[in-house]
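The block underneath contains the structure these notes are about, expressed in structure tokens.
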Amino acid sequence: MSDTVSEKKRSEIMKASKPKGNKSTEKALIELFKEHRIKGWKRNYRIAGAFPDFVFPKLKIAIFADGCFWHGHNCRTLRPKTNRKYWDEKIKKNRERDKAIKGRIEAKGWTVFRIWECEIKKGILPNELIELLKWDS
């Protein structure tokens, strides 16, 4: 099916669309924290110009819950069939930005964890993270 608006108009529409986070994935991560009796997290906490999904300020731990599609996880081969070049470039830029943000946050003395959406949905948290967070709870 072809697009009903011009390429320029589609670009304007996409630029105006601001991400609202992946609420279902973040909610699932909160449930995992509860299951593991992990407390002390905060939201909307700015570090080095970025807003991780969750932070543990006392321990200087930042957590990003990354969507598999948007951040290019290899768990799925799902890629749009149309406009392939655009999507490949978009995901590549997202990954580069993720790496830059991680570097800025770590330069401030924080530990950064990126947890994939598919892992969260399977109930998987990195063991290293669990141990660090349980130690403080």
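The values are calculated or read from the model by the stated rules, or taken from the named source; none is laboratory data. Remember, it's a predicted structure, so these values are computed and weren't measured experimentally. Cβ sites come from the backbone with ideal geometry, for glycine too, and all protein chains shown count toward neighbours.
With respect to the conditions (1) touching a helix residue (DSSP H, G or I) at 6+ places or on another chain (Cβ under 7 Å); (2) at pLDDT 95 or above; (3) surrounded by fewer than 16 Cβ atoms within 10 Å (Cβ to Cβ), D98 lacks only one, and its number is (3). For the range 44-61, filtering for residues that are farther than 26 Å from K122 by Cα and touching a residue at least 60 places away in the same chain (Cβ under 8 Å) leaves 3.
Is one or more of the residues making up the range 62-83 modelled with pLDDT of 90 or more, within 30 Å of G123 (Cβ to Cβ), of a type in the set (A, V, I, L, M, F, W, C) and assigned to a loop (DSSP other than H, G, I, E, B)? No, the range 62-83 contains no residue that is modelled with pLDDT of 90 or more, within 30 Å of G123 (Cβ to Cβ), of a type in the set (A, V, I, L, M, F, W, C) and assigned to a loop (DSSP other than H, G, I, E, B).
For the range 101-137, a residue qualifies if it is exposed (fewer than 13 other Cβ atoms within 10 Å of the Cβ) and part of a helix (DSSP H, G or I), and the qualifying residues are G103, A107, N127, E128, E131, K134, W135, D136. Of all residues in the range 26-40, those satisfying the criterion of being closer than 13 Å to F54 by Cα and among the basic types (K, R) are K27, K39.
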